[in-house]
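The values are calculated or read from the model by the stated rules, or taken from the named source; none is laboratory data. This structure is a prediction, so every number in the text was calculated from the model and none was measured. Reconstructed Cβ throughout: ideal geometry from the backbone, glycine too, with neighbour counts over all protein chains shown. Just so you know, the surface numbers come from the protein's heavy atoms only, side chains and all, with ligands and any DNA or RNA stripped out. Shrake-Rupley method; radii C 1.70, N 1.55, O 1.52, S 1.80 Å.
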Amino acid sequence: MNPLVRASKIAVTGTFGAGKSVFLLSLLHHLHHHDPSAFRLGERRARPVTLRGVRAVDVTPAYQQFPYPTFAQRLMQPNGGLWPSRVHSVQRYRLRLRRAGRLRADELELMTFPLERLMDLSIAQTPTYADWADSILRQIDEDPQASRQARQYMQHLDAPDIQPERLLSVYKSALAQFVFDYKRFAAPSTFMIDLDGGRIEGGAPKAVSQGRYVGLPPHNGRAAREFIPLSAITRMRAPQVARQHEGHYAAYRDEVARPLFGEVAGADTLVVLLDVAAVLSGGRAAFDEQVNLLDELRQLVRGRVRERSALVRSRVSRVALVATKCDLVRVFERDARLPNLLRQLTDPFVEALHPSIEIGRFLCSPCVATRPHADPEMLIGRVVHAAQNPERIERPFPVPEVPRFWPEAYTPSDYPFFKVWPPALQAHEKITRHHKLDDVCRFLLG
Ligand SMILES: Nc1nc2c(ncn2[C@@H]2O[C@H](COP(=O)(O)OP(=O)(O)OP(=O)(O)O)[C@@H](O)[C@H]2O)c(=O)[nH]1
Ligand SMILES: [Mg+2]
């Protein structure tokens, strides 16, 4: 360890599309091109903190580095940029910098991962395939809606002759339905969000589920290694099939679930991005999913993780809860309503954490892509709409009102938020604007 470098590991998470890549991109951009008047790193405004020697440090060769220069170039196109595309479900970047007046340099090791991976926590925590399978079947059984959807699968499990391919295909259809209904037991999570970061498409469960894998996908000429929950009777009647699923389960546990959770629990700081507009426009089930995933995350942060052979406590000591993309909300409602919604959404998570863990709550927009309009119920931006705005022209659009509290019941049509393209930069602008991303950054730098 270099005594002149203070290393910190930061894990950034959020559900699909919550804004992880844009957060990372904008953060890196503001550090690489630091302007103290636009991105405050010091506690006091009167004494700006500047940066020296900002440079990328290669990530571990086994990992792919987040393509920061490419994404930055795309975002900053003068006639209007593009959001970053998906490259991998886990992204990494390492950055070294020195704050003026400090002896030690900071090395930030940043990684992002989908919050949905937390659905695999039970896999990481359950060493035996049979225990996992029994627990999933029990949870399906206890959920009347899920048992209805899995009826065909259950019938196949009990059939006199076991057809492994047929079982797999029927289970995939049921699993797709569990994913659409935001069921907690829709593991393995790579069925929903694969290792490249792609999400299962909406549509008929049978059609959209068959191209996806329940387990490790094919790799380097090796066939997919899939596993599904076989019942105790099926495991007894078809021991060979059971052994295969057991092996695939172990491989998934060792190659996906445990390394990721080990890495996250080994981070000093967690950043959780919460896209309030998306949780509103996803309907109440999206709210419940967010709460459930935060509950799994709480278990990871509180629990112990296996590192090589020893069990160690998670190292996470600070958590930033960020209501992100707040530029999509009506201007006056940002400070007036978002803090309360963020608090309500995250209070159960925070209250269950150890009091020694430092919590920061933030409102932020890593990339401000809208402008205020004279009508407070509208914003101006380049609305994403293939049919109505193919030229990506900037224009006013209506913005739904954000509630004061999370409603007990609501549907997607109650909160029809628009998505927008990144802003078209003005001639004098070299960098996209952010809203309070520097507040989060100061927390991260500590
Ligand atoms: N207006 C606005 N939109 C944003 C902002 N950040 C992200 N978005 C929007 O959210 C979308 C998803 O952002 P990403 O950063 O790709 O989200 P992600 O969490 O990396 O998504 P996955 O990797 O696919 O899970 C973008 O394409 C933008 O449409 C922001 O600060 N402001
Ligand atoms: Mg991403």
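Only one of ALA130, ALA124 is modelled with pLDDT of 95 or more, assigned to a helix (DSSP H, G or I) and surrounded by 15 or more Cβ atoms within 10 Å (Cβ to Cβ); which?
Details: ALA124 fails: modelled with pLDDT of 95 or more.
One residue alone meets the criteria, ALA130.
Restricting to region 82-115, name every residue that is more than 16 Å from ligand 2 (Cβ to nearest atom) and not aliphatic (A, V, I, L, M). Once the filter is applied, which keeps residues that are more than 16 Å from ligand 2 (Cβ to nearest atom) and not aliphatic (A, V, I, L, M), region 82-115 yields ARG94, ARG96, ARG98, ARG99, GLY101, ARG102, ARG104, ASP106, GLU107, GLU109. Given the structure, is ALA11 modelled with pLDDT of 95 or more, under 19 Å from LEU363 (Cα atoms) and part of a loop (DSSP other than H, G, I, E, B)? So ALA11 fails the test. For region 403-434, how many residues meet the condition of being in contact with a helix residue (DSSP H, G or I) (Cβ under 7 Å, 6 or more places away or on another chain) and farther than 30 Å from LEU28 by Cα? Residues flagged as in contact with a helix residue (DSSP H, G or I) (Cβ under 7 Å, 6 or more places away or on another chain) and farther than 30 Å from LEU28 by Cα within region 403-434 amount to 8. Residues that are more than 11 Å from ligand 1 (Cβ to nearest atom) and not basic (Lys, Arg) within region 2-26 comprise ASN2, PRO3, LEU4, VAL5, ALA7, SER8, ILE10, ALA11, listed in sequence order.
Let's see how each residue does on (1) surrounded by fewer than 18 Cβ atoms within 10 Å (Cβ to Cβ); (2) over 16 Å from HIS29 (Cα atoms); (3) within 14 Å of ligand 1 (Cβ to nearest atom):
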| position | (1), (2), (3) |
| --- | --- |
| PRO61 | yes, yes, no |
| PRO69 | yes, no, no |
| GLN73 | yes, no, no |
| GLN77 | yes, no, no |
| SER85 | yes, yes, yes |
| ARG94 | no, no, no |
| GLY101 | yes, yes, no |
| ARG104 | yes, yes, no |
| LEU108 | no, no, no |
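Given the criteria outside any loop (DSSP other than H, G, I, E, B) and among the β-branched types (Val, Ile, Thr), does VAL87 qualify? So VAL87 does not fit the description; no.
Once region 22-59 is narrowed to residues that are open to solvent by less than 20 Å² (accessible area, probe 1.4 Å) and in a loop (DSSP other than H, G, I, E, B), the residue that is farthest from ARG99 (Cα to Cα) is PHE39.
Of all residues being assigned to a loop (DSSP other than H, G, I, E, B) and among the small types (Gly, Ala, Ser) in region 200-232, which is nearest to ligand 2 (Cβ to nearest atom)? Just the residue, please. My answer is GLY202. In the condition set (1) more than 14 Å from THR432 (Cα to Cα); (2) modelled with pLDDT of 95 or more; (3) within 16 Å of ligand 1 (Cβ to nearest atom), HIS29 is compliant with all but (1). Just one of the numbered conditions (1) open to solvent by less than 70 Å² (accessible area, probe 1.4 Å); (2) modelled with pLDDT of 95 or more is not true of ARG138: (1). Of the residues in region 197-206, how many are loosely packed, with under 15 Cβ neighbours inside 10 Å and more than 10 Å from ligand 1 (Cβ to nearest atom)? Summing the residues that are loosely packed, with under 15 Cβ neighbours inside 10 Å and more than 10 Å from ligand 1 (Cβ to nearest atom) in region 197-206 gives 5.
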